[in-house]
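Taking it in order: structure first as structure tokens, then the write-up.
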Amino acid sequence: MLLHEKTQSENKPLHQVRGPPIAGAFKERPTKPTAFRKFYERGDFPIALEHDTKGNKIAWKVEIEKLDYHYYLPLFFDGLCEMTFPYEFFARQGIHDMLEHGGNKILPVIPQLIIPIKNALSLRNRQVICITLKVLQHLVVSADMVGEALVPYYRQILPVLNIFKNMNVNSGDGIDYSQQKRENIGDLIQETLEAFERCGGETAYINIKYMIPTYQSCILN
């Protein structure tokens, strides 16, 4: 079990460091220019914006199944930090398109997606967190074994979710996005953790519980 791989020396510094004050824990972090934006502005992505009766969508200039996923998927995940149009739209929609069509190309790329996911969540921006949670829910069901492959990375992905888990739409700043989209960040986190548990194999629950002590199993209960 992954939990038992931790050594005492790894744990020790955690007890010596005082946690941040609650107010600071929720504070948004500044964004930095993304590699996704740079590549988009250079015209390196085989995509264009297309309008139809349902709104905006991506027009891919190549078959999605033939894309080099090792190259493109981490770059699109890097774009999860974007909050301005069209970058955030292309990144989000591009990820969902690639997950929809990726099949067995997705699993080998998982290790390259962790830092972009962590970076997006670490911004502590409510809109970015909501979008990233939906991406994570899609990711775990996108191909066989992806849920299991994410378990070793819970320590990087889950800390920010633990901070926001009990937040509802009435808890201060940043609620406009949630209300506009009828989304509750606490509910989205709960849904995501349940998806992780269902798709993560037999060690998923104990590893979620270790990072998020208040989590209750959706399978055992």
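Key figures
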{"read-out": "Accessible surface of the stretch 40-131, 1.4 Å probe, proportion on carbon and sulfur as whole %", "value": "51"}
{"read-out": "1.4 Å probe accessible area per residue over the stretch 86-140, in Å²", "value": "31"}
{"read-out": "Net length gained if the chain between Lys209 and Val62 were fully extended (0.36 nm per residue, minus Cα distance)", "value": "48.7 nm"}
{"read-out": "Candidate residues Glu88, Glu50: accessible-area rank, largest first, probe 1.4 Å", "value": "Glu50, Glu88"}
{"read-out": "Value of relative contact order over the stretch 35-123, rounded to a whole percent, pairs C-alpha under 8 Å and six or more apart", "value": "30"}
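The values are calculated or read from the model by the stated rules, or taken from the named source; none is laboratory data. Please read these numbers as outputs of a predicted model, since none were measured by experiment. For accessibility, only protein heavy atoms count, side chains too; no ligands or nucleic acids. Shrake-Rupley method; radii C 1.70, N 1.55, O 1.52, S 1.80 Å.
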